[in-house]
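Report on one structure; see the data block that follows.
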Amino acid sequence: MGKVLAVANQKGGVGKSTTVVNLGAYLGSRDKTVLCIDADAQGNTTTGFGVKKRSVEGSSYDVLIGNMKIEDAIMRTHCKNVSLVPATADLAGADIELIELENRMNRLKMQILTCRLNYDYILIDCPPSLSLITVNGLVACDRIIVPMQAEFYALEGLSQLVETIKIVKNKYNPSLDIEGILFTMFDPRLNASNQVVSEVEKFFPGKVFKTKIPRNVRISEAPSYGQPVMYYDKSSRGAEEYANLGREILGEEIEKIKEKKKLFGKK
Ligand SMILES: Nc1ncnc2c1ncn2[C@@H]1O[C@H](COP(=O)(O)OP(=O)(O)OP(=O)(O)O)[C@@H](O)[C@H]1O
Ligand SMILES: [Mg+2]
């Protein structure tokens with residue numbers, strides 16, 4: 001049965017969608033079957049895979065609210081072994097609609113139950129809020145990946161997220177746990193960044209991924225080509241570090257990126 005990972009942090013712009021797209025693509029390239037669920041009305045995971053919103057026949061909105069079977073909303077992407085439940089703008093109103101519905105916390109979970117045998121990994125891209133949609137993601141998943149930037153304010157947001165995780169765990173999903181905290185857009189040359197990493201490691205021993213995703217221009221360019229960075233520029237540092245994250249998820253050793261590359265300012 002597939003492992004369900006929600007990528008969540010209520011703080012905006014920390015690299016949730018980027019992580020879903022790039023981790024999904026890497027796991028697919030390693031012969032794992034992957035389903036990415038775009039649960040954010042912005043649809044960044046959807047565009048990140050090059051899916052045009054016009055071509056969408058069923059979306060995460062239909063799956064959460066409209067009682068469409070998830071199978072009918074799943075589409076193939078151009079990436080090996082990666083399928084997608086796309087998001088469209090109508091998801092923006094879904095939180096209010098969900099309040100009225102039965103099983104409003106469990107709707108995504110119930111849908112995923114019907115298809116999780118078909119995938120090795122299911123990745124959920126949550127919106128930047130602690131809304132009912134995010135709660136659906138936390139209820140539906142086995143583990144949470146928390147991307148964050150190494151900034152002082154990020155720590156404050158983290159405690160709010162942890163509270164929400166505790167509530168969901170106690171009430172709805174007893175085996176819920178954090179898979180890992182992922183530092184993104186990371187610059188090891190900044191003292192402040194390293195301090196934040198040490199703080200977070202103190203509070204979450206063993207829960208911080210060894211891999212730190214650097215700020216990398218190729219990562220930010222790739223979505224405008226509708227491609228994960230490993231398809232856009234396989235030798236970029238961004239692609240290499242997302243591969244390392246994938247290796248950690250698969251329980252493998254991460255590959256040391258040669259010091260040389262850093263010295264010569266590899267893109
Ligand atoms: N490692 C990185 N290096 C450079 N740019 C990055 C990196 N990771 C993400 N970005 C860029 O930062 C922006 C925010 O990333 P992303 O959309 O993945 O964050 P998010 O947490 O999903 O945002 P939101 O909360 O709005 O959903 C995007 O423009 C993305 O291309
Ligand atoms: Mg996003």
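The values are calculated or read from the model by the stated rules, or taken from the named source; none is laboratory data. Predicted model, so just to flag it, every value in this text is computed and none were measured. Cβ placement follows ideal geometry from the backbone for every residue including glycine, while neighbour counts extend to all protein chains displayed.
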- Query: Pick from the range 214-241 the residues that are part of a helix (DSSP H, G or I) and within 16 Å of ligand 2 (Cβ to nearest atom): which of them is surrounded by the fewest Cβ atoms within 10 Å (Cβ to Cβ)?
  - Reply: Ser224
- So Thr211 clears everything in (1) away from ligand 1 (no atom under 13 Å from the Cβ); (2) in a strand (DSSP E or B); (3) touching a residue at least 40 places away in the same chain (Cβ under 8 Å) except one condition, right? Which one? (1)
- Matching residues in the range 1-56 (farther than 20 Å from Gly180 by Cβ, within 16 Å of ligand 2 (Cβ to nearest atom) and of a type in the set (Val, Ile, Thr)) number 3
- Message: I'd like the full set of residues that are closer than 20 Å to Lys32 by Cβ and either of a type in the set (S, T, N, Q) or within 16 Å of ligand 1 (Cβ to nearest atom) (or both), limited to the range 115-126.
- Response: Asn118, Leu123, Ile124, Asp125
- Conditions: (1) over 20 Å from Val4 (Cβ atoms); (2) within 16 Å of ligand 2 (Cβ to nearest atom); (3) touching a Phe, Trp or Tyr at 6+ places or on another chain (Cβ under 8 Å). Leu182 meets all but one. Number of the miss? (1)
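Residues are listed down the side, and each one gets a yes or a no for (1) buried (at least 24 other Cβ atoms within 10 Å of the Cβ); (2) charged (D, E, K, R); (3) within 16 Å of ligand 1 (Cβ to nearest atom):
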site: Lys11; (1), (2), (3): no, yes, yes
site: Asp38; (1), (2), (3): yes, yes, yes
site: Thr45; (1), (2), (3): yes, no, yes
site: Arg76; (1), (2), (3): no, yes, no
- Task: Note down all Cβ pairs under 9 Å where the first residue falls in the range 100-121 and is crowded, with 19+ Cβ neighbours inside 10 Å and among the β-branched types (Val, Ile, Thr), the second is in a helix (DSSP H, G or I) and modelled with pLDDT under 95, and they're at least six residues apart or on different chains.
- Result: none
- For residues in the range 18-36 being in contact with a Cys (Cβ under 9 Å, 6 or more places away or on another chain) and near ligand 1 (Cβ under 10 Å from one of its atoms), which is nearest to Ser224 (Cα to Cα)? Val21
- Message: Checking the structure you have, find out if any residue of the range 185-204 is touching a strand residue (DSSP E or B) at 6+ places or on another chain (Cβ under 9 Å) and touching a residue at least 60 places away in the same chain (Cβ under 8 Å).
- Response: yes
- Query: Among the candidates Ala25, Ala87, which residue alone is closer than 24 Å to Val146 by Cβ and either more than 18 Å from the chain's Cα centre (by Cα) or not in a helix (DSSP H, G or I) (or both)?
  - Reply: Ala87
- Looking at the range 131-169, which of its residues are part of a loop (DSSP other than H, G, I, E, B) and within 15 Å of the chain's Cα centre (by Cα)? Cys141, Asp142
- The lone exception for Lys52 - which of (1) in contact (Cβ under 8 Å) with a residue 12 or more places away in the chain; (2) surrounded by fewer than 21 Cβ atoms within 10 Å (Cβ to Cβ) it fails: (1)
- Query: How many of the residues in the range 84-99 are touching a helix residue (DSSP H, G or I) at 6+ places or on another chain (Cβ under 6 Å) and either buried (at least 16 other Cβ atoms within 10 Å of the Cβ) or at pLDDT 95 or above (or both)?
  - Reply: 8
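From the list Asn106, Asn67, Asn81, which one is modelled with pLDDT of 95 or more and over 25 Å from Ala222 (Cβ atoms)?
Working: Asn67 fails: modelled with pLDDT of 95 or more; Asn81 fails: over 25 Å from Ala222 (Cβ atoms).
Checking each option against the conditions leaves just Asn106.
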- Residue among Ile219, Ile165, Ile178 that is within 12 Å of ligand 1 (Cβ to nearest atom) and in contact with a strand residue (DSSP E or B) (Cβ under 9 Å, 6 or more places away or on another chain): Ile219
- Query: Of the residues that sit in the range 122-163 and are more than 16 Å from ligand 2 (Cβ to nearest atom) and polar (S, T, N, Q), which one is surrounded by the fewest Cβ atoms within 10 Å (Cβ to Cβ)?
  - Reply: Ser159
